[in-house]
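**Student:** Quick one: this structure, given as structure tokens, is what I'll be asking you about.
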Amino acid sequence: MIQHILAIVLNFIPIILAIVLHEMAHGYAALYIGDNTAKRFGRLSLNPLRHIDLFGTIVLPTLLYLSKVGFIFGWAKPVPVNFAKIKSGKDMLIVASAGIVMNLALAIVSALFLKLIGLLPQSFIQNFLEVFFVNMVIYNIVLAVFNILPFPPMDGSKIFFGTINKKWAHQYIAADKIGMTAFLLIAFALPLCGTALNQNWNILGWYITHVSKFFISILI
């Protein structure tokens, strides 16, 4: 029983914190530019139930785990933003990048805590905190690396194209269903086709794994 509780704390709490604080950062960034939509919908909350997305938080991580693609990640329900309140490319950049900046900040702070924990005497508490903050670094880096992808509705699509005041750029950012279809094809269909041909076509897995490991190695 105790081992199960520890496993939940050490694995699921860091994931939940990474996802929830990511979305809250978007909400507060929107509030900063004058859009209180997220606040009115109660999304500026640490309650994870307000942020859970059925597919991104539950179904996708489960599918990735069962398919053994080599990485697990997910996302929460996007914070509602009134894009009519976004008057400039600068405002779009602030709102879109807030979640990634939050994850990177959490990873850096967690890495600093790891340094301090290393100074403590070896004990159960020291080991527990060490594993917790290692997971905080890993999950926040993976989430940031994943969200920088330029597929709608990922943050990267708005970061890279949101400052372009063109009709095609706005249509691309709004193409959530098409973006998710392309993402799922790359994440699942492409690796399966590669396996059938005895080839490794897990491009997304390679990207997330290698880029995440690079940044994690810097912090840990």
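The values are calculated or read from the model by the stated rules, or taken from the named source; none is laboratory data. Remember, predicted model here, so these are calculated numbers, not experimental data. Cβ atoms come from the backbone with ideal geometry, glycine included; neighbour counts cover every protein chain shown. With ligands, DNA and RNA removed, areas are computed over all heavy atoms of the protein, side chains included. Shrake-Rupley method; radii C 1.70, N 1.55, O 1.52, S 1.80 Å.
**Student:** Just the number, please: carbon plus sulfur as a percent of the accessible area of the chain, 1.4 Å probe, no ligands or DNA/RNA counted.
**Tutor:** On the way: 9040 of 12590 Å².
Taking all protein chains in place, the chain shows 72 percent carbon and sulfur surface.
**Student:** Still on this structure: Once phi is turned into ³J(HN,Hα) by the Karplus curve 6.51 cos²θ - 1.76 cosθ + 1.60 with θ = phi - 60°, what whole-Hz value does each residue of region 42-49 show in order, with x for glycine and proline?
**Tutor:** Each residue of region 42-49 in turn: x, 8, 8, 9, 7, 5, x, 5 Hz.
**Student:** Follow-up question, since we're still on this one. At what distance in angstrom do the alpha carbon centres of region 155-188 and region 4-66 lie from each other?
**Tutor:** 21
**Student:** When each pair of different Cα atoms in the chain is counted once in the 1/r mean, what is the Kirkwood radius in angstroms, to one decimal?
**Tutor:** Details: mean 1/r = 0.0538 Å⁻¹.
One over the average 1/r among Cα pairs gives 18.6 Å for the chain.
**Student:** Below 30 Å, Cα to Cα, which lysines can LYS77 reach? Residues fewer than 8 away in the same chain don't count.
**Tutor:** Leaving aside lysines fewer than 8 places away in the same chain, those within reach of LYS77 are LYS39, LYS68, LYS85, LYS87, LYS90, LYS158, LYS166, LYS167, LYS177, LYS213.
**Student:** Quote the Stokes-Einstein diffusion coefficient, in whole µm² s⁻¹, for region 94-220, based on the Kirkwood radius over alpha carbon pairs, a temperature of 10 °C and a viscosity of 1.306 mPa s.
**Tutor:** Values: Rh = 16.7 Å.
Approximately 95 µm²/s, per Stokes-Einstein.
**Student:** Taking the Cα centre of the chain as origin, sum charge times position over the Cβ atoms of Lys and Arg (+1) and Asp and Glu (-1), and report the length of that vector in debye to the nearest 20. Intermediate results must be reported in sequence, preceding the final value.
**Tutor:** On the way: 15 positive and 7 negative charges, 108 e Å.
In total the dipole reaches around 520 debye.
**Student:** For region 143-220, what does the relative contact order come out to in percent, with C-alpha contacts under 8 Å and a separation of six or more?
**Tutor:** Working: 67 pairs, mean separation 17.6, N = 78.
Relative contact order comes out at 23 percent.
**Student:** Further, regarding this structure: Would you work out the relative contact order for the chain, in percent, from Cα pairs under 8 angstrom that are 6 or more residues apart? The partial results should precede the final answer.
**Tutor:** Working: 280 pairs, mean separation 45.4, N = 220.
Worked out over the chain, it gives 21 percent.
**Student:** Roughly how big is region 1-129's charge dipole about its Cα centre, with Cβ charges of +1 (Lys, Arg) and -1 (Asp, Glu), in debye to the nearest 20? Write down the numbers at each step before the final one.
**Tutor:** Values: 10 positive and 4 negative charges, 49 e Å.
The calculated dipole for region 1-129 is roughly 240 debye.
**Student:** Please sort through the DSSP H helices of the chain and keep those with an alpha-carbon extent of at least 20 Å along the long axis and a Kyte-Doolittle average not below 0.5. Could the numbers behind the result be given before it?
**Tutor:** On the way: long enough: 13-32 (27 Å, 1.41); 89-117 (41 Å, 1.79); 124-147 (34 Å, 1.56); 203-219 (24 Å, 1.38).
Helix filter hits for the chain: 13-32, 89-117, 124-147, 203-219.
**Student:** Aspartates and glutamates near LYS115 by alpha-carbon distance under 16 Å, same-chain residues fewer than 8 away left out - which ones?
**Tutor:** Leaving aside aspartates and glutamates fewer than 8 places away in the same chain, those within reach of LYS115 are GLU130.
**Student:** Using a ≥ b ≥ c from the Cα gyration tensor of region 1-40 (square roots of the eigenvalues), is it rounded, prolate or oblate, where a/c under 1.5 gives rounded and otherwise the larger of a/b and b/c decides, a/b for prolate?
**Tutor:** On the way: a/c = 7.58, a/b = 4.13, b/c = 1.84.
Prolate is the answer for region 1-40, as a/c is 1.5 or above and a/b outweighs b/c.
**Student:** With +1 assigned to the C-beta of every Lys and Arg and -1 to the C-beta of every Asp and Glu, and no other charges, what is the dipole magnitude of region 60-172 about the Cα centre in debye, to the nearest 20? Could you put the intermediate results ahead of the total?
**Tutor:** Values: 9 positive and 3 negative charges, 102 e Å.
For region 60-172, the charge dipole is close to 500 debye.
**Student:** Hey, what's the chain come to in accessible area per residue, 1.4 Å probe, Å²? If you can, show how the numbers build up before the last one.
**Tutor:** Values: 12590 Å² over 220 residues.
That works out to 57 Å² for each residue.
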